[in-house]
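Working notes, beginning with the structure itself.
The values are calculated or read from the model by the stated rules, or taken from the named source; none is laboratory data. Predicted model only: the values in this text are computed from it and were never measured. Neighbour counts run over all protein chains shown; Cβ positions are idealised from the backbone, glycine included. Remember, those area values only see protein heavy atoms, side chains included, never the ligands or the DNA or RNA. Shrake-Rupley method; radii C 1.70, N 1.55, O 1.52, S 1.80 Å.
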Amino acid sequence: MTGYAVATSEGAAGTLTIEIKSVNSRFLDLQFRINDELRALEPDLRAAIMAAITRGKVEARLSFGRKVAGGSQALNASLLADLARLQTEVTKHFVSAPLMTVAELLRWPGVIEEAQVGQESLQADVAALTATTVAAFVDSRRREGAALEAMLVSRIDAMDVIVKRITPLIPQVIAQFQQKAVERMQDALGLAGHGTPSTLTRQEAFERIRQEVTLYGIRIDVSEELSRLSAHLTETRHILKKGGQVGKRLDFMMQELNREANTLGAKASVKELADASMELKLLIEQMREQVQNLE
C-alpha cells in the first residue's frame with residue numbers, strides 16, 4: 001500500500017535527510033537514491049525497510065548536506081595556492097589562456113572547506129534517523145491499511161447479506177424444479193393421462209422419472225456452495241481482525257470465494273441465483289484489487 005515519511009537530523013557537521021515513499025505492488029521492490037559518500041550505508045537502510053514491510057514499490061532517499069567549517073564560509077588556502085601555482089605554469093605554455101574567474105575558483109571541489117565528520121559518527125546518526133523514518137513510514141501505511149480494512153469488511157457484510165438472502169430459496173427452487181420436471185417428463189412419456197407406454201410399465205416409468213429428477217436436483221443444489229461461501233467469509237473476517245501480514249492469506253481467500261461464486265453461477269437454475277452470483281463476483285473483484293495492496 002502507499003505510504004510516505006520524511007525526517008531530518010541536524011548535526012555539527014551537517015543535515016541528514018531520509019525520505020521513504022511507496023506505491024502499491026504485489027511484491028517488494030526497493031530503489032535507493034543516496035549521496036555517493038553515504039553509499040556504504042545503503043545495506044543498513046535496506047535491512048531496516050525489509051524488516052518492516054514485505055510489499056510495495058519503495059523509493060528511499062538519503063542525503064547529507066555538510067556545513068561549512070566554523071559555521072561560516074572558509075577558503076582552503078593551501079588548495080588555492082596550489083591552483084595559483086598550476087595556473088602560472090599553464091600560462092607559461094599558453095600565454096593567451098584566460099585566467100580562472102573567482103566564480104570558477106569557488107566552485108572548485110574543496111576550495112570551500114567543509115566540516116569534518118567521522119564515518120562512525122555519521123553511521124550512528126543515519127541509524128537513529130532511519131529508525132525514526134521507518135517507524136513513521138510504517139504508521140502511514142498502517143493508517144491506510146485501516147481504511148482498506150473498513151472497505152473490505154463492508155464488502156464482506158454485503159456478501160453475507162446476499163448469501164443469507166438466497167439460502168432460504170434453495171429448497172423451494174429445487175422443489176419447484178422437480179415438480180415441473182416431473183410434469184414435463186410425464187407428458188413426454190405419455191403418463192399424464194391413463195395410457196400406459198408400450199415399452200415401459202407405468203411403475204417403471206415413474207421410477208425412471210424419480211431417479212432423473214433426483215439426480216438433476218442434486219446437480220442444481222447449491223446449498224453446499226453457500227455453506228462454503230459463509231465459511232470463507234467468516235475466515236476472511238477473522239484474518240482481517242487478527243491483523244499482521246494478511247496479504248497472501250487474503251489472496252488465497254479471494255480465490256476460494258471466487259471459485260464458489262462461479263460454481264453458484266454455473267448451477268443457477270433461476271434468475272435470483274444467477275443475479276446473486278454476479279453480485280458476489282463483483283464484490284470479490286473489488287476486494288481482490290485492494291487485497292493486492294495489503295501486506
Requested in this report: Find all pairs meeting these conditions: Cβ atoms under 6 angstrom apart; at least six residues apart or on different chains; first residue within the stretch 76-95 and free of Cβ contacts under 8 Å to residues at least 60 places away in the same chain; second residue open to solvent by 50 Å² or more (accessible area, probe 1.4 Å) and outside any helix (DSSP H, G or I).
Outcome: ASN76/GLU113
Query raised in the report: Can you name the residue in the stretch 48-64 that is within 14 Å of ILE34 (Cβ to Cβ) and assigned to a helix (DSSP H, G or I) and, of all such residues, is least open to solvent (accessible area, probe 1.4 Å)?
Result: ILE49
Query raised in the report: If you go through the stretch 228-236 one residue at a time, do you hit one that is assigned to a helix (DSSP H, G or I), open to solvent by less than 90 Å² (accessible area, probe 1.4 Å), farther than 20 Å from ILE170 by Cβ and modelled with pLDDT of 85 or more?
Result: yes
Requested in this report: Could you grab the pairs with beta carbons closer than 9 Å, sequence gap of 6+ or different chains, first residue in the stretch 153-181 and within 28 Å of ARG288 (Cα to Cα) and loosely packed, with under 12 Cβ neighbours inside 10 Å, second one at pLDDT below 95 and small (Gly, Ala, Ser)?
Outcome: LYS164/SER230
Query - Selected residue (criterion: most open to solvent (accessible area, probe 1.4 Å)) from residues of the stretch 119-152 that are under 13 Å from LEU294 (Cα atoms) and among the acidic types (Asp, Glu) - result: GLU149
Query raised in the report: Residues of the stretch 240-257 being open to solvent by 30 Å² or more (accessible area, probe 1.4 Å) and under 15 Å from the mean Cα position of the chain (by Cα), which ones?
Result: GLY244, GLN245, LYS248, ARG249, PHE252
Query raised in the report: For residues in the stretch 258-295 being closer than 18 Å to VAL153 by Cβ, among the hydrophobic types (A, V, I, L, M, F, W, C) and modelled with pLDDT of 85 or more, which is farthest from the chain's Cα centre (by Cα)?
Result: LEU280
Query raised in the report: Which ones in the stretch 22-36 are touching a residue at least 60 places away in the same chain (Cβ under 8 Å) and open to solvent by 60 Å² or more (accessible area, probe 1.4 Å)?
Result: ASN24, ARG26
